[in-house]
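Read through the structure below, which is laid out as structure tokens, and then see the notes.
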Amino acid sequence: MIVYQASKQKFNDDVFTNNIDNIILKFFEKKLNRSTSKSEINSRKESLSFMDRVLNDNSIPSDCGVVIEYQIPMTSKRIDFIITGKDGNQKDSAILVELKQWQEAELTEKDGVVITRFKGGLTETSHPSYQAWSYASLLTNFNTTVQSEDIQLKPCAYLHNYSSDNVIKNPFYQEYIDRAPVFLKDDAMKLREFIKTFMKH
């Protein structure tokens, strides 16, 4: 399942015209025969606006692809945001972005696990880098196109409301951060450069 798929230029236009949330809502209503909460739509819209700003660079090709909420085959897992295109060697690439609106988290002693606040209160959950990396691993194992066309997957996480602290980038999680870099509130330019590394004209 894919909630939204378009070129970068069309995505930019849909965000600029303030229509991206309506497009996503209509998908839920027409394809899934259900609606989704206003808070969920507004949450998604905020994250997508941040991604739009990151992609607003002429060095990132306007015809590269944007995919929102791709469901990994044979699982219930969904990748928030994918950018597709070719690198400087014309090799097919896909950047997988796990989007989080978190503002804070706490360390745990469990591998790849943090504590953060959800509606129900503080909850243990996967570190965003671990989550992004695990999605890339699942795609590699279950998507025949990725395998047959040797598409290089580059996972990362973007926590656009999260100020730097000693939790999310703590050395305890370094193994997963190395596999899937995590970008915080002040890292928009770094995320843009990461994307530009794998998306070339």
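Filter the range 155-165 down to residues that are over 14 Å from A132 (Cβ atoms) and in contact (Cβ under 8 Å) with a residue 24 or more places away in the chain, then give me how many there are. Residues that pass the stated criteria total 5. Just one of the listed residues (S7, S39, S62) is exposed (fewer than 14 other Cβ atoms within 10 Å of the Cβ), touching a strand residue (DSSP E or B) at 6+ places or on another chain (Cβ under 8 Å) and farther than 29 Å from F172 by Cα, namely S62. Could you check, for the range 167-180, whether at least one of its residues is farther than 15 Å from S126 by Cα, in contact (Cβ under 8 Å) with a residue 12 or more places away in the chain and among the polar types (S, T, N, Q)? No, the range 167-180 contains no residue that is farther than 15 Å from S126 by Cα, in contact (Cβ under 8 Å) with a residue 12 or more places away in the chain and among the polar types (S, T, N, Q).
Give all pairs with beta carbons closer than 9 Å in which a residue from the range 48-68 that is touching a residue at least 12 places away in the same chain (Cβ under 8 Å) and under 13 Å from D87 (Cα atoms) meets a residue that is in a loop (DSSP other than H, G, I, E, B) and hydrophobic (A, V, I, L, M, F, W, C); count only pairs at least 6 apart in sequence or on separate chains. These pairs meet every condition: S59/M199; I60/M199; P61/M199; C64/M199. Does the range 5-14 contain at least one residue that is without any contact (Cβ under 8 Å) to a residue 60 or more places away in the chain and not in a helix (DSSP H, G or I)? Within the range 5-14, one or more residues are without any contact (Cβ under 8 Å) to a residue 60 or more places away in the chain and not in a helix (DSSP H, G or I). Taken over the range 112-143, residues that are touching a residue at least 12 places away in the same chain (Cβ under 8 Å) and either on the phi > 0 side of the Ramachandran plot or of a type in the set (D, E) (or both) amount to 2. Among residues of the range 30-45 that are farther than 19 Å from D80 by Cβ and of a type in the set (D, E, K, R), those with a beta-carbon under 9 Å from a residue that is modelled with pLDDT of 65 or more and assigned to a helix (DSSP H, G or I) at least six positions away or on a different chain give the pairs R34/F28. Scanning the range 64-79 for residues being closer than 20 Å to F16 by Cα and either at pLDDT 95 or above or among the polar types (S, T, N, Q) (or both) gives a total of 4.
The values are calculated or read from the model by the stated rules, or taken from the named source; none is laboratory data. The structure presented is a predicted model; accordingly, all values stated were derived computationally and were not measured. Virtual Cβ from ideal backbone geometry, glycine too; neighbours counted across all protein chains shown.
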